[in-house]
Structure formats: structure tokens, C-alpha cells
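Structure first, then comments.
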Amino acid sequence: MTAKIIDGKALAQDTRQEIKQRVSQISKNQRVPCLAVVLVGENPASAVYVRNKIKACEEVGIKSLFEKLPAETSEKDLLSCIDRLNKDDTVDGILVQLPLPKQISEQKVIEAIRVDKDVDGFHLINVGALASGLDGFRPCTPSGVMRMLESINYPLSGKHALVIGRSNIVGKPMALMLLEKNATVTIAHSKTVNLKELAKSSDIIVVATGRQKTLTADMVKPDAVVIDVGINRDAQGKLCGDVDTEAVMQIAGHITPVPGGVGPMTIAMLLVNTLQAYERKFKD
Ligand code: NDP
């Protein structure tokens, strides 16, 4: 049996289409939503991510405001840029591309963003809201994964879900979202000793380690759902995930590809969060 592919690209396209329609409706009698994207420095990967996010906004009619700051920007200057965006009523969402240069505390910057403009969902209040099961912005990558699971109507309740990786951006919020849907969740990390055993007993495995072939075919139980969050380059420079996809496909029931899986969904969910930030503002 070969696993069914969960096509993140197509699903993201559907999501973007829905947003485009909503924004087009809005534009008839109101200003359109606006996302401010802040990039500090010249990190080439960050520049690509930012470009893709701005392009995605343009495609659905969301306005973007690009704030590009030099690598030597001080923490104080970045905080005043955020303060200005916080106060700007025409800005609905603020995204500061991570990582930031060494002289700047990422946590301080995240905490400086207004909670109701924190479309990345990294602010402590949004993190706390997720942990407490309250409304708030949810981080885009795990939200995208949840949409992918919904797209296959996967019944999460009572299933054993393994999340490999415990970062604040992916692993931890992912585990909380799966728990919210009544999965029995295990979180693994670099110190986990029995990863193979845990994986082998899991119905869903989300891999977010940034290490190629973290998950191999001998670790997967037949019919499992495998979600590959990783973005790596193989020895030939080709984009690949954290899963040994070709081999795992022979065992798993569903699998997400890299590229064309979680990546496009992450950007789509950023648009969803930006639209939500806008709509909440006008609801109040
Ligand atoms: P981090 O480096 O912050 O976290 C990696 C996690 O994996 C850590 O918790 C680490 O454990 C764990 N880990 C590392 N090696 C192993 C191992 N051999 N076995 C088990 N656990 C291990 O990465 P991120 O969470 O930010 O990102 C993970 C991957 O996802 C990266 O490739 C990143 O590029 C990609 N990514 C993709 C996105 C997308 O849109 N597709 C969005 C965000 C990230 P420990 O805590 O013990 O160190």
C-alpha cells in the first residue's frame, strides 16, 4: 500500500481563495486588512520567507507594509518601530521575521507586539490562551497541520499522537492543539531515548526536528498519518523534510510532502490570522 498524499499546496490554495473572496467583499465599503512585516538584517532564508508572505498577501488582496531594517538595528529602534505599528489603526497584524540579530532579545520583541495584532501567535498571552483552551491567535504552522488533518476527516479523539520536536513555534503548540482535539499526545525531543518505540505505537506522527530522516520506515506503524514539518536541503541541495518520505510512504496511510505540504499551509494560516485580526477589530 502507498500512502495518500495530503496536498498542502492545493489545500492552501483553497484557503487563499476563500480569503480572497472575503477581502474582495470587504473592499467594497471598507479598507482592506493590512499586515506589517518586519525584517531585520540580511538573512537570505528570512528574506525568502518574507517575500513569500508579502506575495501571498498581495494575491488575496491583503495590504502589506514592509519594514526592512539594517542588521545593526538596536533593540530600542526595533521596539520603537513596533510601537509605531501598534499605534497605527490601519495595521491589523504585525509579523517580525525570526531569527533576529544577536543584539536584540526575541522575547522582548515578541512581548512588545500588541496581543490583538500578534498574528504569529507567539505572545505570552496568546500562548497562555492556547494552553488554557481560550480564544487567541494560534501559531500558523501547527494551525496549518490541524487543517490538513481536518481535510482528511481524521478522527483525532482517543488516537495516539506523537510530536517530535518541542520548539515554541511548532512542537509545543502542535501538542496542545492535538490535545485540544482529544488525542493522547506524547512529545519527543533530542533527549528522548525510546523514539522508535513511541513512534511505532502512534497513529499520528508530526515531525519537526530540522533533521533529515528523523523518521524512517521501521519507526512507522501501518496506516499511520505522518506530517512532515521539516525544511532541509539534502546532499544534492534539493529541498527535503525530516521524514524518509519514499520509504515511509510504503507503510503510512497518509503523508505530507516536502515541498508542497506544511509550508504552503503555514503561509495560508498567516493570512487567516490577519483577516481574523481585522474582523475582530471591526466586530468590537
Ligand atoms: P528547533 O530547532 O527550534 O527545534 C527542533 C526540535 O527538534 C527540538 O525540540 C529538538 O530537541 C528536537 N530534535 C532535534 N533532533 C532530534 C532528534 N534526533 N530526535 C528527536 N528530537 C530531535 O526547530 P523548529 O521547531 O523551529 O523547526 C523544526 C523544523 O521545521 C525545521 O526544519 C524548520 O525549518 C521547519 N519549519 C517549517 C515550517 C513550515 O512552514 N514548513 C515552519 C517552522 C519550522 P531539543 O529541544 O531537545 O533540542
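Computed from the coordinates by the stated procedures, all read-outs in this text should not be read as laboratory data. Keep in mind it's a predicted model, so treat the numbers as computed, not measured. Using ideal geometry, Cβ is built from the backbone for each residue, glycine included, and neighbour counts are taken over all protein chains shown.
Based on the reciprocal of the average 1/r between different C-alpha atoms, the Kirkwood radius for region 176-284 equals 15.4 Å.
Counting only alpha carbon atoms, the long axis of helix 8-26 and the longest principal axis of the chain meet at about 30°.
For the chain, give the share of DSSP beta bridges that are antiparallel, in percent and rounded to the nearest 5; count only bridges with both residues there. Percent antiparallel among DSSP bridges in the chain is about 5. Using a Gaussian network model of the chain with C-alpha springs under 10 Å, which one of Ala252, Ala129, Ala268 is most mobile by mean-square fluctuation? So, out of Ala252, Ala129, Ala268, the one fluctuating most is Ala129. Of the residues Ser202, Ser190, Ser64, the one that moves most in a GNM of the chain with alpha-carbon contacts below 10 Å is Ser190.
Rounded, prolate or oblate, given the Cα gyration tensor of region 1-155, with a/c below 1.5 counting as rounded? Spell out each step's value before the answer.
Details: a/c = 1.62, a/b = 1.41, b/c = 1.15.
It comes out prolate by the Cα gyration axes.
The lysine pair tally for region 110-223, using Cα distances under 28 Å and a gap of 8 or more places or different chains, is 28.
Normalised by 2.2 N^0.38 Å, where N is the number of residues, the C-alpha radius of gyration of the chain stands at 1.01. For the options Pro222, Pro264, Pro142, a Gaussian network treatment of the chain with springs between C-alpha atoms closer than 10 Å singles out Pro222 as fluctuating the most.
You can think of it this way: the chain between Lys108 and Ser24 has 26.7 nm of extra reach, that is 0.36 nm per residue less the Cα-Cα gap. When both region 170-206 and region 219-284 are represented by their alpha-carbon centers, they are found 16 Å apart. Is region 47-120 rounded, prolate or oblate when judged by the Cα gyration tensor, a ≥ b ≥ c being the square roots of its eigenvalues, rounded requiring a/c under 1.5 and prolate requiring a/b larger than b/c? Oblate shape, in that a/c is at least 1.5 and b/c is the bigger or equal ratio. Computed from the alpha carbon positions, the gyration tensor of region 156-215 leads to an equivalent ellipsoid with semi-axes of 17, 14, 9 Å, biggest first.
Need one number: the % of Cα-Cα pairs in region 77-143 sitting beyond the 15 Å mark. Could the numbers behind the result be given before it?
On the way: 1140 of 2211 pairs.
Of all Cα-Cα distances in region 77-143, 52 percent exceed 15 Å.
Taking 19 Å as the cut-off, the amide N atoms of region 87-116 that come nearer than this to a point 7 Å along the Cα-to-beta-carbon line of Glu72 belong to 100-105.
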